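Below is one structure, written out as C-alpha cells, with a few remarks after it.
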Amino acid sequence: MAARPRFLAVDHVSRTVPDIQAAIAFYTDAFGASVLFQIGPIDAADIPAGPDGKDWMETHVGVQGAKLTLAMLQLAPNLKVQLVQYDKPSDRNQVMPRNCDLGGHHVALLVEDVDAAASWLAQKGCKVLETIAMDAGPLAGKKNIYVADPWGHQFELVD
C-alpha cells in the first residue's frame, strides 16, 4: 500500500456560472477579486478522442462533450475562486443545489464586520439571510450571515 501523500493547502474553489464575464465583473466589483488568468473556450469536439474512445473532457473533467471557459480569480489572500462557464453539454443541470442537497455547499469568509460585509454585498445584488447570533457555547459573541451571489452560490460571512 502506498504511503498517504501530504496535503498541503487548498488551492482553489470552483464555481460554475452561467455567464463568465458577468461573474468576473461581479466578483471583481463586490469582493475586489483580481483576475489571475482566463482560458477558453475549450471544446471537447475540437480535441481528438483518446485510445479508449472517450473525449478529452470526459477523461479529464468527467463531463462528456463539454465546452467550457474558465477564469481564476484571487478573492482573498488565501482563497482563489475558479469560475467556469459550461456551454455544453445541453443536458447540464441549471438548478443550484440547496445546502441540504447532495453537492450543496458554501464557502465561509472571515470578515472584520459581518453586518457591514452583508450590507455591502446586498448592495451588490446578493441575497442576504438573517443573522445567526451565538450567545452561548464555544462561539458565544460571534455572528454569521449566509449570503448568495446573483447565481445562488452561498457564502457564509463570519467574524
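The values are calculated or read from the model by the stated rules, or taken from the named source; none is laboratory data. These figures come from a predicted structure and were not determined experimentally. Here the Cβ positions follow ideal geometry from the backbone for every residue, glycine too, while neighbour counts run over all protein chains shown. The area values use the complete protein model at the heavy-atom level, side chains included, leaving out ligands, DNA and RNA. Shrake-Rupley method; radii C 1.70, N 1.55, O 1.52, S 1.80 Å.
Can you find a residue in the stretch 46-59 that is touching a helix residue (DSSP H, G or I) at 6+ places or on another chain (Cβ under 7 Å) and under 29 Å from Val158 (Cβ atoms)?
no
Check Gln21, Gln64 and return the single one that is under 30 Å from Glu112 (Cα atoms) and among the polar types (S, T, N, Q).
On inspection, the qualifying residue turns out to be Gln21.
Taking the stretch 39-67 as the search range and keeping residues that are outside any helix (DSSP H, G or I) and among the β-branched types (Val, Ile, Thr), which one is farthest from Asp91 (Cα to Cα)?
If we take residues in the stretch 39-67 being outside any helix (DSSP H, G or I) and among the β-branched types (Val, Ile, Thr), then Ile39 is farthest from Asp91 (Cα to Cα).
Please state which of the following conditions Ala122 fails to meet, knowing it meets all the rest: (1) over 20 Å from the mean Cα position of the chain (by Cα); (2) more than 24 Å from His12 (Cβ to Cβ).
(1)
Show the residue pairs meeting these rules: Cβ distance below 9 Å; 6+ apart or different chains; first residue within the stretch 141-159 and more than 13 Å from Ala30 (Cα to Cα); second residue in a loop (DSSP other than H, G, I, E, B) and of a type in the set (Ser, Thr, Tyr).
As it stands, the answer is Lys143/Thr131; Asn144/Thr131; Ile145/Thr131, since those pairs meet every condition given.
Taking the stretch 44-89 as the search range and keeping residues that are without any contact (Cβ under 8 Å) to a residue 40 or more places away in the chain and acidic (Asp, Glu), which one is least open to solvent (accessible area, probe 1.4 Å)?
Asp55
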